[in-house]
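Inspection log for the structure reproduced underneath, given as structure tokens.
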Amino acid sequence: MKLVVADSSPLIVFARSGLLDVLRQVVGEIVVPQTVYEECTGDMSKPGAQIITEAHHANLVTVHADSRVLTLPRNMPMLDKGEIAAISLAIELSEPVLMDERLGRQAAAAHGLSVIGSAGILLAAKRKGLVSAVHPILLAWQSFGYFLSPALIETVLQRAGE
């Protein structure tokens with residue numbers, strides 16, 4: 001990958017766990033629409049907000065104007081503004097989207113986008129030798145309140161050989 005459009009949840013969880021640099025090494029450029037950036041940094045007391053702001057100032061995260069490309073089909077469930085903005089920008093740039101929420105992933109796939117999740121990034125990071133183990137990271141994410149289904153954790157650990 002040379003670029004990925006990130007939704008807020010993955011960006012926050014990578015920031016909180018000190019892994020934005022690992023994310024960048026796996027995906028190349030991290031691009032977020034303005035709406036996602038504001039979701040992440042609008043309240044500086046929220047977890048990850050300061051780290052994401054610093055990453056933006058250090059050019060680790062690029063903020064892009066929101067796109068007006070996306071019109072969701074009527075049969076698509078309601079998504080939040082950040083998910084819509086991320087999907088729209090990914091369509092505009094013809095790049096993959098980093099998104100973990102199931103409904104957002106389904107909407108992105110329905111629009112023909114490549115979708116990658118945070119767990120997939122961890123597996124790629126381990127294959128590249130950027131992290132030694134994914135299990136402690138997954139446990140940390142769960143301690144932050146980040147939902148990971150037991151089936152996903154089991155699959156990721158099997159693929160990681162842990």
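Each reported figure results from applying straightforward, stated rules to the coordinates on display, with no laboratory input. In this text, all values refer to a predicted model and were calculated from it rather than measured experimentally. In this analysis, Cβ positions are derived from the backbone assuming ideal geometry, glycine residues included, and neighbour counts consider all displayed protein chains.
The figures follow:
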quantity	calculated
Top of L152, L98, L89 by mean-square fluctuation, Gaussian network on the chain, Cα under 10 Å	L152
T62 long-range amide H proximity, modeled H, under 5 Å	I30, V31, V32
Dipole of segment 3-160 [Lys/Arg +1, Asp/Glu -1 at C-beta], most positive-end residue of M44, S149, H64	S149
Computed E for E29/A151 - FRET, C-beta separation, R0 30 angstrom, nearest 0.05	0.45
Test item: Cα-centred dipole of segment 3-160, Lys/Arg +1 and Asp/Glu -1 on Cβ, debye	460
Binned Cα-Cα distances of the chain, short to long, each 5 Å bin given as a whole percent	1, 9, 19, 22, 22, 15, 8, 2, 0
Flagged links, alpha-carbon separation over 24 Å, of K46/K81; K81/K126; K2/K128	K81/K126
Exposure proxy order (Cβ contacts within 10 Å, fewest to most) of S8, S88	S88, S8
Among A107, A58, A85, residue whose mean-square fluctuation peaks in a GNM of the chain (springs only between Cα atoms under 10 Å)	A58
Estimated distance in nm for a label pair at K2 and D21, the labels positioned 7 Å out from Cα along Cα-to-Cβ	2.5
Dipole axis of segment 3-160 (+1 Lys, Arg; -1 Asp, Glu on Cβ), positive-most option in H111, I121, L20	I121
Integer Hz, Karplus 6.51/-1.76/1.60 couplings in order for segment 102-108, x for Gly and Pro	4, 5, x, 4, 5, 5, 4
Cα-derived Rg over Rh, computed across segment 82-162 with Rh taken as Kirkwood radius	1.01
Shape parameters for segment 40-130, alpha-carbon atoms, Rg then Dmax in Å	14.6, 43
Charge sum, other residues only, whose C-beta stays under 11 Å from K46's C-beta, Lys/Arg counted +1 and Asp/Glu -1	-1
Label-to-label distance, nm, for residues given as T62 and R127 (7 Å Cα→Cβ offset)	2.4
